[in-house]
1. Restricting to helices (runs of 4 or more DSSP H) lying wholly in region 116-199: which have 1 or more residues that are on the phi > 0 side of the Ramachandran plot?
2. Of all residues in region 73-92 being part of a loop (DSSP other than H, G, I, E, B) and either hydroxyl-bearing (Ser, Thr, Tyr) or in contact (Cβ under 8 Å) with a residue 60 or more places away in the chain (or both), which is nearest to GLY193 (Cα to Cα)?
3. Where residues in region 146-179 are surrounded by 14 or more Cβ atoms within 10 Å (Cβ to Cβ) and closer than 20 Å to LEU118 by Cα, which of them is farthest from the chain's Cα centre (by Cα)?
4. Check off (1) out of contact with any Ser or Thr (no Cβ under 6 Å at 6 or more places or on another chain); (2) under 25 Å from VAL101 (Cα atoms); (3) hydrophobic (A, V, I, L, M, F, W, C) for ILE168 and give me the number that stays unchecked.
5. Looking at TYR210, TYR257, TYR276, which one is more than 30 Å from LEU135 (Cβ to Cβ) and not β-branched (Val, Ile, Thr)?
6. From the residues in region 332-353 that are among the charged types (D, E, K, R) and not in a helix (DSSP H, G or I), which one is nearest to CYS375 (Cα to Cα)?
7. In region 486-508, what count of residues is obtained for those that are out of contact with any His (no Cβ under 8 Å at 6 or more places or on another chain), assigned to a loop (DSSP other than H, G, I, E, B) and either surrounded by 11 or more Cβ atoms within 10 Å (Cβ to Cβ) or not aliphatic (A, V, I, L, M) (or both)?
8. Just wondering, is there one or more residues in region 50-72 that are over 26 Å from ASN134 (Cβ atoms) and either in a helix (DSSP H, G or I) or in the same structural domain as ILE304 (by TED's automatic domain parsing) (or both)?
Amino acid sequence: MELSDIDKIELAYLQFEDYLDLKEVMVSAYTSMPNSYWKEHHIKSLLRKFPEGQVVIKVNGNIAGCALSIIVDFEKYDANHSYADITANYTFDSHDAQGDVLYGIDVFIKPDYRGLRLGRRLYDYRKELCEKQNLRGIAFGGRIPNYHKYSDSLTPKQYIDKVKSKEIHDPVLNFQISNDFHPTRVLKGYLEGDSDSQEYAVLLEWDNIYYEKPVVSAESSKTVVRLGLVQWQMRAYENIDALLQQVEYFIDTVSGYRSDFALFPEFFNAPLMAQYNHMSEAQAIRELAQYTDDIVQKFSNLSISYNINIIAGSMPEIRDNVLYNVGYLCKRDGTVERYEKIHVTPDEAKVWGMQGGKELKVFDTDCGKIGILICYDSEFPELSRLLADEGMDILFVPFLTDTQNGYSRVRHCAQARAIENECYVAIAGSVGNLPNVHNMDIQFAQSMVFTPCDFSFPTNGIKAEATPNTEMILIADVDLSLLRELHQFGSVKNLKDRRKDVFELKKL
């Protein structure tokens, strides 16, 4: 399947009614082990014992993959256990809700959907489930399907060492290692009939660093969101493909840190105007607008492929012969939403003939409600206050400023928005020079993440800050549960204490 054919990706709990579709996926996934798929009574047993551990991933409503798991008291099993041991001869009576390890029973992806990194999403769900259940880690026996090609000359341990050193490619083991699982031992006679692996497997484990020995407590789990800000270097690009290659480089990098969001700056694609420098500024930016649809499609593909929500900065766009400054939120479930710059700067209006938009909204994401204001819009407190009234947790501000004066306006206004709206604010801009692009020749930026100013937050209201005028990424974790506490128990309550009997703010 092509990325452009995907409308929506969703993770859902497995339902017994899905069995026939699930069976089709299993049969197609295990061509080397015919008749090895799970039967109806197996799935029914898993759903009865541990429904939260059985999930499917759907693409356009069709099941594309599945992950099955149980909880076990791992100390009860011999270090050289078999698959039959861990599953209690496939009855799953080994499931123990009071156990300490999430044990992976199976993960499979339909061949048509491989290459979309869907397996990574299933493993990320397992990690989140492990943390939520306060288990000490995840374990499973990983097949080594290419071992039969080397069994005459290599022991299983030698084979694993060569896979780890990249001398041999093993698709299953390579995937597990890339998802932070570490091999701990070789399991002999693990899965009966697995001739490709010579019935060997590798015990792979992932440690939950947040694990705490269970105590009786009224504490609720916290929601932590990881932000990845791209401080983009303006440089010459030969064509759009070269620019998008740099885009993917940054998305690959921030997703490698398991970021939930990637934020790009305003007009990050301006270098493509260099080839139109012989035209007037107004004509050149309209030529740049012709790339917007293709760039948005690429961002959407990358959001799916790298499992990350992308705020695609801003780009020029022409609608009904009117030039706007717009951006797109490309979610990792495949959906795409649009936002507009409401207040264009005097320079944008005078030089380019750009007009301001009218749509202002909060976006629902898998990491809370977010708002997006492009550059100059952050300097108008009414906009972010309207978004706060709709429950915004994080405000993202892609910006472009040429001088330190302009940057200071955005920076200080953004920090004010964090305090007055009791939310997080992330700003990302561009650095460097574009001597071959009129009206876009110099840049100044320092990307930052701001917080409210109260006891649970940094005293200066700055969570993280990039080095000024340097190409880099900035990674920061923000805890949404702290906002909930602030709204209720803060030293001051900027949202609750508004005198609505004196003034009122509303959308027209």
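1. Working: elements: 118-132, 156-164, 171-178.
So the answer is none; nothing clears 1.
2. In the first step, residues of region 73-92 are kept if they are part of a loop (DSSP other than H, G, I, E, B); the result is 73, 77-82, 87-92.
Those left that are additionally either hydroxyl-bearing (Ser, Thr, Tyr) or in contact (Cβ under 8 Å) with a residue 60 or more places away in the chain (or both): 77, 79-82, 87, 90-91.
Values: TYR77: 22, ALA79: 21, ASN80: 17, HIS81: 16, SER82: 12, THR87: 16, TYR90: 15, THR91: 19 Å.
Once the filter is applied, the top-ranked residue is SER82.
3. ASP170
4. The failed condition is (2).
5. Numbers: TYR210 fails: more than 30 Å from LEU135 (Cβ to Cβ); TYR257 fails: more than 30 Å from LEU135 (Cβ to Cβ).
Answer to the selection: TYR276.
6. So the first thing to find is which residues in region 332-353 are among the charged types (D, E, K, R), and the list is 332-333, 337-338, 340-341, 347-348, 350.
Now drop any that are not not in a helix (DSSP H, G or I), which leaves 332-333, 337-338, 340-341.
Numbers: ARG332: 24, ASP333: 27, GLU337: 18, ARG338: 16, GLU340: 11, LYS341: 8 Å.
Only one residue fits best here, namely LYS341.
7. Of the residues in region 486-508, the ones out of contact with any His (no Cβ under 8 Å at 6 or more places or on another chain) are 486-492, 494, 497-508.
Checking which are assigned to a loop (DSSP other than H, G, I, E, B) leaves us with 490-492, 494, 497-508.
Applying the additional criterion that residues be either surrounded by 11 or more Cβ atoms within 10 Å (Cβ to Cβ) or not aliphatic (A, V, I, L, M) (or both) yields 490-492, 494, 497-501, 503-507.
So the answer is 14.
8. First pass over region 50-72, keeping only residues over 26 Å from ASN134 (Cβ atoms): 58-65.
Then keep just the ones that are either in a helix (DSSP H, G or I) or in the same structural domain as ILE304 (by TED's automatic domain parsing) (or both); that gives none.
For region 50-72, residues over 26 Å from ASN134 (Cβ atoms) and either in a helix (DSSP H, G or I) or in the same structural domain as ILE304 (by TED's automatic domain parsing) (or both): absent.
The values are calculated or read from the model by the stated rules, or taken from the named source; none is laboratory data. Fair warning: this is a prediction, and the values are worked out from it, not measured in the lab. Quick reminder, even Gly has a Cβ in these numbers, built from the backbone with ideal geometry, and neighbours come from all protein chains shown.
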